[in-house]
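Here the structure comes first, spelled out in structure tokens, and everything after it is commentary.
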């Protein structure tokens, strides 16, 4: 299975299960979560009020944790 297909498959699951990913350990914000799709980290923000998830970053985990705006909020 290609990476692109896996990425779409995993992120599509967020519609039904927005809290599927773990809380990003560097920020400890319940609305900021991530899915690990080795070697990538996909960070997304859950907006319960508007009932949607917004993918904020996709990056190679070997590059470390990028700075997120508003301290991850």
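Taking R0 as 22 Å, what FRET efficiency do you get between residue 26 and residue 48 from their Cβ-Cβ distance, rounded to the nearest 0.05? The pair residue 26/residue 48 has a calculated efficiency of 0.55. The calculated FRET efficiency for residue 63 paired with residue 13, based on their beta-carbon distance and R0 = 25 Å, is about 0.50. Just check the chain against the gyration tensor rule for me: Cα atoms, a ≥ b ≥ c as the square roots of the eigenvalues, rounded for a/c under 1.5, and otherwise prolate or oblate depending on whether a/b exceeds b/c. Oblate.
Only the coordinates and a few stated rules stand behind these numbers; no lab work does. Note that the structure is a prediction, hence the values are computed from the model and not measured. So basically every Cβ, Gly included, is an ideal-geometry build from the backbone, and we count neighbours across all protein chains shown.
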